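Undergrad: There's a structure below that I have some questions on.
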Amino acid sequence: MPVNHSIMELVMKGQVVAEVSIIPIGTGDTGVSRYIAACLKVLEGKKDLTYRLTPMGTVIEGPLDKLLEAVRQMHEVPFNKGALRVVTHLKIDDRRDKTATMMSKVESVRKLRPSIKT
């Protein structure tokens, strides 16, 4: 069976879209903004990753290995700032049949529902 090189290139590229939510527990404070801001500092130094902060998490896109490395580093940030426990939720969309980005995922829904606000 012949190999479709364009699909193989996508698989090798390893671009993913993910959402991460990092929740420090045991901080003595209900506010988490300073922890989240410090976590985002990790992403600012990653040239291969693009991210968007949302009210409930951060959406990141880029190569899977780079993204996982960054999330691991982000997970450690609250501990370094005194948190006693950290819960990290990570969702990964790893599509290998075609390129998908944060924007393309939103646009595909907007085409069907132009009235949706983002």
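Undergrad: List the aspartates and glutamates whose alpha-carbon lies under 14 Å from that of residue 117, not counting same-chain residues fewer than 8 positions away?
TA: 107
Undergrad: Given C-alpha coordinates of segment 5-112, what is the ratio Rg to Rh with the Kirkwood estimate of Rh? Write down the numbers at each step before the final one.
TA: Working: Rg = 15.4 Å, Rh = 14.9 Å.
Taking Rg over the Kirkwood Rh, I get 1.04.
Undergrad: Over 18 Å apart: what share of the alpha carbon pairs of segment 26-84 falls there, rounded to a whole percent?
TA: On the way: 570 of 1711 pairs.
The proportion of pairs with Cα distances above 18 Å equals 33 percent.
Undergrad: Taking the chain as a Gaussian network, where each spring joins two C-alpha atoms under 10 Å apart, which residue of 108, 21, 33 fluctuates the most?
TA: So, out of 108, 21, 33, the one fluctuating most is 108.
Undergrad: Given a 10 angstrom Cα cut-off, can you work out which residue in 105, 41, 66 is the most mobile in a GNM of the chain?
TA: 105
Undergrad: A further question on this structure: How large is ³J(HN,Hα) for each residue in segment 96-109, as worked out from phi by the Karplus curve 6.51 cos²θ - 1.76 cosθ + 1.60 (θ = phi - 60°), to whole Hz, x for Gly and Pro?
TA: After applying 6.51 cos²θ - 1.76 cosθ + 1.60, I find 10, 8, 6, 6, 10, 10, 3, 5, 5, 5, 5, 5, 5, 7 Hz.
Undergrad: Another question, then. For segment 5-112, calculate the relative contact order in percent as a whole number, restricting contacts to Cα pairs under 8 Å that are 6 or more residues apart.
TA: Contact order relative to length: 44 percent.
Quick note: the coordinates plus some simple rules give every number you see, no bench work behind them. Every value quoted in this text rests on a predicted model; they were computed, and no experiment measured them.
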